[in-house]
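Read the structure below first, then the notes.
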Amino acid sequence: MGVGLGASRRCYLEQTYALPRTRGEVLVSETRKTLTSEQITALHDGLVIPAHPLALDENRKLDVRHQRALTRYYIASGAGGIAVGVHSTQFEIRDPGIRLFEPVLRLAAEEVDNAGLQKPFIRVAGVCGPTEQALEEAEIAAALGYDAVLLSMGGLTDWSETEILKRAQTIAEFMPVIGFYLQPSVGGRIFSFDFWRAFADIPNVVAIKIAPFNRYQTIDVVRAVCYSVRRDDIALYTGNDDNIVNDLLTTYRFIVEGVEVEKRIVGGLLGHWAVWTRKAVELLERIKQCRRNSLLDAEWLTLNAQITDSNAAIFDPVHQYAGCIPGIHEVLRRQGLLQGTWCLKAEETLSSGQAEEITRVCQDYPHLNDDEFVQSRLQEWLAET
């Protein structure tokens, strides 16, 4: 629900953090990439955007066949986008001795092009590191046809909030930015309400992935966006794999300058949705119908707990998420979408008891998996082209 903007809310970005609204010639409109109107509409309606894993063979080399198959699976499942080069793709793809960032982004982009989709689809590239590195990665992504970047703020522990905002502004001057609030336990940090309010004010920030795995910090981001002059321009996406359904069903309501403002988390950009993606698409559609009908059955709370229990088996929080990526791989391996659970770091393997936990949740919640769908199309996705 939009309201008029009071003078006290204008240019909060500049007032609080003294950030410039321009940065030389980079701000020339011809050089800034933006989303199409159709993509913006789809983004705000809510999309399933899986965080794309990395397929490796037993020698820890890129498995092109299965990498392509994964992208085909996400497209066929009805996902509204993919996020490549993110945590689930393994940050080590950027290492000088590995150099898989560009090849992996290219493979996914080719499969999206080959699919000939008739609906909006958003290609998201993860970018990270200091400003120069993040901008270089954004340039690679843009050249490959990516639509937006998921801007990681991990690894910048000695940067001030002002410096991180300036970095975000620089990237947004080049292409659309999706902000990323990452939980501290896997390399993120806590940001203030004022930071997120200023972040939301940055032109060409199109969405924020909220993934602190913490209810207080989740509310901080939603409330901050509601206070921003750009609140209607920003789509909120859950990255809270531990609370997916509740995030998507909640209407957040705040009083801003005496006026009631509402905001929803409309979709998800999730590592959990890298598996059982067809069911995730069906889930989001059911949630949208529930929103339209304003009917909320208590069974939704049970379903949220079941999905969270499944995520615990896959993401391995009992071992501080050490088996998170191998857990995703194990589910995909069992379906035939990957050959194994190998990661670029040899020590990154399933934790003790994790495989048994994955078996348990698969048996306890068979309605959450899409095994039948995968088996009906697997050979098609694995076909060489």
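The values are calculated or read from the model by the stated rules, or taken from the named source; none is laboratory data. The structure presented is a predicted model; accordingly, all values stated were derived computationally and were not measured. Positions of Cβ are backbone-derived with ideal geometry, glycine not excepted, and every protein chain shown enters the neighbour counts.
Has segment 277-293 got any residue that is buried (at least 22 other Cβ atoms within 10 Å of the Cβ) and either polar (S, T, N, Q) or assigned to a loop (DSSP other than H, G, I, E, B) (or both)? Within segment 277-293, one or more residues are buried (at least 22 other Cβ atoms within 10 Å of the Cβ) and either polar (S, T, N, Q) or assigned to a loop (DSSP other than H, G, I, E, B) (or both). Consider segment 307-326 and keep the residues that are buried (at least 24 other Cβ atoms within 10 Å of the Cβ) and more than 18 Å from the chain's Cα centre (by Cα). The one that is farthest from Cys343 (Cα to Cα) is Ser310.
Of all residue pairs spaced 6 or more apart or on separate chains, those with beta-carbon atoms under 8 Å, a first member in segment 47-76 that is of a type in the set (Gly, Ala, Ser) and a second member that is part of a loop (DSSP other than H, G, I, E, B) are Ala51/Val86; Ala51/Gly271; Ala55/Asp63; Ala55/Leu338; Ala55/Gln339; Ala69/Ala55; Ala69/Leu337. Among the residues here, Phe191 qualifies as within 12 Å of Met153 (Cβ to Cβ), at pLDDT 95 or above, not in a helix (DSSP H, G or I) and not aliphatic (A, V, I, L, M).
Has segment 252-274 got any residue that is hydroxyl-bearing (Ser, Thr, Tyr) and over 18 Å from Ala200 (Cβ atoms)? No - not one qualifying residue is present in segment 252-274.
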